[in-house]
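J.: Following this message is one structure expressed as structure tokens.
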Amino acid sequence: MQKHQGWTTDAPAEIAPPERGMSAAPFAVEMDGVSFAYGGDTVVEDVTLRIERCDFAVILGPNGSGKSTLLKLALGLLKPRSGSVRLFGVDPARFKDWRRVGYVPQVANGAQAAFPATVGEIVAHGRYAGFSPLAFWRGEKGPDVDRALEAAGVSHLRGRRIGDLSAGQQQRALIARALVRSPDLLVLDEPIAGLDAHGEEQVYAVLRDMNAQGITTLMVSHDIGAVMREAKTVACVNCSLAFHGPPHDLTRAELARLYGFPVDALLHDAFHEHR
Amino acid sequence: MPAFLQYDFMIRALISGVLVGGLAPVLGVFLVLRRFSLIADSLSHVALLGVAVGLAVNVAPQAITFAIVGAGALAIETLRAKGKLPGDVALAVILYASLAGAVCVVSAVRGFNVDLLAFLFGSILTVTPGDLWLLAGLAAAVFLAVTAFFGELAQTSFDEELASVSGVPVRWVNLGVALLAAAAITLAMRVMGALLVGALIVMPALAAQALAGSMRGTVVAAAALGACSAVAGLVIAFYADLPGGGAIVLVAFAVLLAAAAWRRARPR
């Protein structure tokens, strides 16, 4: 039995296929001098950032600092006003191999309403690899769906409608949907927003496992304490990039500069000792 | 044999009701889930403009109607997708512009002697064998499109950004849904009328959403509830001497109320 803090799974679920992750590009995500504005309101200014393979990178910053915008730029959901973005070495507009990317939005539009799809169906959506004329008849069964549900700890929710679940359960269902793709890169937009401590730990336990299996993780978060504990690198953003490096290099002074007031975070050194 | 089956016009009406009732709510499922259910109402008003223009030029009126409704559907979807206008505003703008255009065309063409009430409220009892073949073809096209593109339709209905990052061609899927809706409304308007066709697209879809436990189940239930509502409505209309379109929509409304009550009362 595999045991995490506060959450157990009966069997370890292997998700990542290492072969697909070994293409030429050394970085999962590269941004060079990227700027973006909503109308006249600049929210990302001249950001240069590289996310290495197998990193657990967290983008940290105050509200409205452009964190989620950076994620959307990385995924090609937004086009930069200037600068360039590469996903596994390719411009996202020309990127085709989306099976390598698993995305978990903060909230999915359909999960808010009484969307009639079951968790199993939502997770099976994640298998999408192009037009399949028998999609309707294929159903949601398959060992890949079983493994992803198990890895995210939502096997027992398989037949429940996604709209009937709690925010934490929905979040883990969306993580399972991302994992079923056997991604090389997992991109998450505030996956613990609105969750209680138990829900947070459940999500982090899944992410820890996946990162240990070699899945590059890029996440936006507000939770400074968890970032310090979980992340391998932190990118502090407040329109421009204020810091990028290991969390133990981040000082209280830099955090205070980022947020504009003294932040009392539990910082760790390189050996994860409190300092 | 029941009395209503002894008349050819009733048999044609029942077949057209089953076809329209089966296909319209299937598209409705995906429109409702996208919170775009009022597109049916807007497009049915665009269809009035199409009917007016088609009859005014008197060349292939049904094809002209479809061309105009299709153009309206593409315009609404483009305005929404590009963020030029919020979805509901785009629907309202196209609806009012089309209605004004229809009024002006009807008024401007001298000798325009068409019963517009038949297009507003439908005339299911005057459906011709030609109409039935067109409806059967459209029903087959919708069935094939929905089963073949089920993954794309379900994903874009759930979350467009999520679908996009999965590699789904969201823009093309949305344009396809808009065009199918345009075709369905063009043909179903003949049966249900411009003012009621939207009801048959939306109500069985909502009822199915309340009853079914899965996405696939919702699509199948929507088709079944729509077809059953059409048959029940027509039989009631025959015996109670009511207009067919209105009776069908009232049955669909009763089914929706019952489904909503069941969902509220069901054990969780």
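The values are calculated or read from the model by the stated rules, or taken from the named source; none is laboratory data. Everything quoted here is computed from the prediction, not taken from an experiment. Virtual Cβ from ideal backbone geometry, glycine too; neighbours counted across all protein chains shown. Ligands, DNA and RNA are excluded from the accessible area calculation, which covers all protein heavy atoms including side chains. Shrake-Rupley method; radii C 1.70, N 1.55, O 1.52, S 1.80 Å.
J.: When the Karplus curve 6.51 cos²θ - 1.76 cosθ + 1.60 is applied with θ = phi - 60°, which whole-Hz ³J(HN,Hα) does each residue of region A:65-79 get, with x for Gly and Pro?
T.: 8, x, 5, 5, 4, 4, 4, 5, 5, 4, 8, x, 6, 10, 9
J.: Related question: If DNA, RNA and ligands are ignored and the probe is 1.4 Å, what is the ranking of A:VAL203, B:VAL93 by accessible area, most exposed first?
T.: B:VAL93, A:VAL203
J.: Right, something else. Can you list the HN-Hα couplings for region A:143-160, worked out from phi with the Karplus curve (6.51, -1.76, 1.60; θ = phi - 60°), rounded to whole Hz and with x for Gly and Pro?
T.: Per-residue couplings from phi come out as x, 5, 5, 4, 5, 5, 4, 5, 4, 8, x, 10, 4, 6, 9, 3, x, 7 Hz.
J.: Need one value: the accessible area of A:HIS244 in square angstrom, 1.4 angstrom probe, rounded to the nearest 10.
T.: 70 Å²
J.: Specify, per residue and in Å³, the volume enclosed by the convex hull of the alpha carbon atoms belonging to region B:1-99.
T.: 121 Å³
J.: Continuing with this model, one more query. Could you list which residues have their amide H under 5 Å from that of A:THR48, counting only those 5 or more apart in sequence or on another chain, with H placed in the peptide plane?
T.: HN-HN under 5 Å from A:THR48: A:GLY33, A:VAL34, A:LEU241.
J.: I've got another one for you. Could you tell me the ratio Rg/Rh of the protein assembly as shown? Both radii from Cα atoms, Rh via Kirkwood.
T.: Radius of gyration relative to Kirkwood radius: 1.06.
J.: If contacts are Cα pairs under 8 angstrom and at least 6 residues apart, what is the relative contact order of region B:14-195 in percent?
T.: Here the relative contact order equals 37 percent.
J.: What list of whole percents do you get for P(r) of chain A, with Cα-Cα distances grouped in 10 Å bins up to the one holding the largest distance?
T.: All Cα pairs considered, the percentages come to 7, 29, 36, 23, 6, 0.
J.: How big is the B-A contact in terms of buried accessible area, both chains counted, 1.4 Å probe, rounded to the nearest 100 Å²?
T.: Using a 1.4 Å probe on protein heavy atoms, the buried area is about 3000 Å².
J.: Could you work out the mean count of beta carbons from other protein chains within 10 Å of each residue's beta carbon in B:206-214?
T.: Across B:206-214, the average partner-chain Cβ count within 10 Å equals 3.
J.: Per the 1.4 Å probe, what fraction of the accessible area of region B:35-99, in percent, lies on carbon and sulfur atoms? Intermediate results must be reported in sequence, preceding the final value.
T.: Working: 1940 of 2840 Å².
Ligands and nucleic acids excluded, carbon and sulfur give 68 percent.
J.: How large is the Kirkwood hydrodynamic radius of region B:14-195, in angstrom, based on all distinct alpha carbon pairs?
T.: 16.8 Å is the Kirkwood radius here.
J.: Return the average number of partner chain Cβ atoms within 10 angstrom of each residue Cβ along peptide B:143-151.
T.: Averaged over the peptide's residues, the number is 4.
J.: I've got another one for you. Based on Cβ point charges of +1 for Lys and Arg and -1 for Asp and Glu, what charge dipole magnitude is obtained for region B:88-211 about its Cα centre, in debye rounded to the nearest 20?
T.: The dipole magnitude comes to about 400 debye.
J.: I would also like to ask the following. Quick one: which bits of region A:127-160 get at least 30 Å² less accessible when the partner protein chains are in, versus the chain alone, with a 1.4 Å probe?
T.: Checking the loss per residue gives A:TYR128, A:PHE131, A:ALA135, A:PHE136, A:TRP137.
J.: Out of residues 5 or more away from A:MET219 or on other chains, whose amide H comes under 5 Å of its own, with H placed 1.01 Å from N in the peptide plane?
T.: Those qualifying (amide H under 5 Å, at least 5 residues apart or on another chain) are A:ALA57, A:VAL58, A:ILE59, A:LEU188.
J.: Count, for each residue of A:33-44, the Cβ atoms from other chains sitting within 10 Å of its Cβ, then give me the mean as a whole number.
T.: Per residue, the number of nearby Cβ atoms from other chains is 0 on average.
J.: How much of A:GLU52 can a 1.4 Å solvent probe reach, expressed as accessible area in Å² and rounded to 10?
T.: Spelled out: A:GLU52, probe radius 1.4 Å, area about 110 Å².
J.: Relative contact order (percent) for chain A, with alpha-carbon contacts under 8 angstrom and 6 or more residues of separation?
T.: Relative CO of chain A lands at 25 percent.
J.: For region B:157-268, just run the numbers: alpha carbon Rg, then divide by 2.2 N^0.38 Å, N being how many residues it has.
T.: Taking N as the residue count of region B:157-268, the ratio is 1.24.
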